[in-house]
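See below for the structure under consideration.
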Amino acid sequence: MSLFRVTMMAALALSSGPALAQGAAANYPTRTVTVIVPFAPGAGTDIESRLYAQKLSEALGRSFVVDYKPGAGSTIGGSYVAKAAPDGYTLMSATPSNGIAALLYKDLSYDPIKDFAFISMMSKRPSMLVASNKFPPKDIREYMQYARTNPGKINLATSGAGGVAHLSMEYLHHATKTQVTFVHFKGGGPANIAVMAGQADAVISSLAAMINQIKAGKARAIGVTSLQRLKVLPDVPTVAEQALPGWEYAQWVGLTAPAKTPKAIIDKLAGELAKIARDPELAQKFAEDATEMIGNTPEQFTAYVVSEAARWKKLIDDVGVKLE
């Protein structure tokens, strides 16, 4: 084969790369897509992921199924997805915990930012501090007073060591010079169950995961983590108004893929998520839990994640959080 022909074939192969990628994206998906939730079933991330997976299945004509790989502050699921084939068939529902992992787990086998392609933030929501019916305090003011007079006696459940809920409460108690005992579970679901069973005193939980249990009297909401009270819980005070002015904790959920996933596939998924975010029926359902649907671009989502990582680094350095 002549050198000229070899050179021309190489040039044609290179020039056809983007076209092939576009073609693959046009037909994507051709088989089932797995969405990894790096937490145990039952928490807000799981609930939202299943709703979005159902909508993506309807829009793209192939099944998007949710699977679970909980543990180690979301790093088990994160490691699995980071090392998966970058073909668009293994995705992950990411939360702030995924970026925080790099700040606390020094021996990670992957980079929580560089090893992922960020598709779109799906939603953002405040949470609430939920107490066991056996726990005496009725609101945040009483909770903080109890923590001051009983240092270390409150067993505060979390969805995992190093997660955003854990770090937010570490910051709150550091700033108010109070002490609690953190009890870490493999996800929000088991943490919520422990509180309802009276095995832990309180937990930071999403409204989606616990609002029905609260209405049924199985647990009590004693504070919300937004700066303003929520329309769905108007009688529940904010942490900011009763404990620490300006304190806020917002949870978000976004869809990610392994790095090097073709941009055409990333853009196609982002476009579908943006359409879902404008679905009035779903928006109304999410609003019942004070959840805001986002549906931003891959570039906007990436910039947000990078800025959040910097903010959490400062918090970890200030508080001195270390995993045992």
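Note that the stretch 47-178 presents 38 Å² accessible area per residue, ligands and nucleic acids not counted, probe 1.4 Å. For Tyr68, the residues 5 or more places off, or on other chains, whose built amide H falls under 5 Å of its own are Val37.
Look at the dipole of the stretch 166-324 built from charges on Cβ: of Ser226, Asn192, Ala303, the Cα furthest out on the positive end belongs to Asn192. Per-residue ellipticity at 222 nm computed for the chain from its helices equals -14500 deg cm²/dmol, with DSSP H segments shorter than 4 residues left out and the rest contributing -39,500 (n - 2.57).
Accessible area ranking (1.4 Å probe, heavy atoms, ligands and nucleic acids excluded), largest first, for Lys55, Lys83, Lys215: Lys215, Lys83, Lys55. Spacing of the modelled spin labels on Asp318 and Glu58, each 7 Å from Cα toward Cβ, amounts to 4.2 nm. Counted as membrane-span-like here are DSSP H helices of the chain whose alpha-carbon atoms extend 20 Å or more along the helix's own axis and whose Kyte-Doolittle mean is -0.5 or above; these are 3-27, 44-60, 263-277, 298-319.
Averaged over its residues, the stretch 202-254 has an accessible area of 41 Å² per residue, based on protein heavy atoms and a 1.4 Å probe.
If the segment from Ser307 to Gln228 were pulled out straight at 0.36 nm per residue, it would be longer than the present Cα-Cα gap by 26.1 nm.
Across the accessible surface of the chain, with the other protein chains kept in place and a 1.4 Å probe, carbon and sulfur atoms take up 55 percent.
You can think of it this way: the chain between Gln284 and Asp267 has 3.5 nm of extra reach, that is 0.36 nm per residue less the Cα-Cα gap. Note on the stretch 234-324: Kirkwood radius taken over Cα pairs, Stokes-Einstein applied at 37 °C and 0.692 mPa s, translational D equal to 201 µm² s⁻¹. Across the stretch 234-243, computed HN-Hα scalar couplings (Karplus, 6.51 cos²θ - 1.76 cosθ + 1.60, θ = phi - 60°) run x, 8, 8, x, 8, 5, 4, 6, 10, 9 Hz from first to last residue, x flagging Gly and Pro. Picking from Ser97, Ser74, Ser109, which is most flexible by a Gaussian network model of the chain using Cα springs under 10 Å? Of Ser97, Ser74, Ser109, the most mobile in the Gaussian network model is Ser109.
DSSP beta bridges confined to the chain are antiparallel in about 60 percent of cases. Quick note on the chain: its Rg to Rh ratio, both from C-alpha atoms and Rh being the Kirkwood radius, is 1.05.
The values are calculated or read from the model by the stated rules, or taken from the named source; none is laboratory data. Keep in mind the model is a prediction, meaning the values are calculated, not measured. Neighbour counts are summed over all protein chains in view; Cβ atoms, including those assigned to glycine, are modelled from backbone coordinates with ideal geometry. Please note that ligands, DNA and RNA were not included when accessible areas were found on the heavy atoms of the full protein model with its side chains. Shrake-Rupley method; radii C 1.70, N 1.55, O 1.52, S 1.80 Å.
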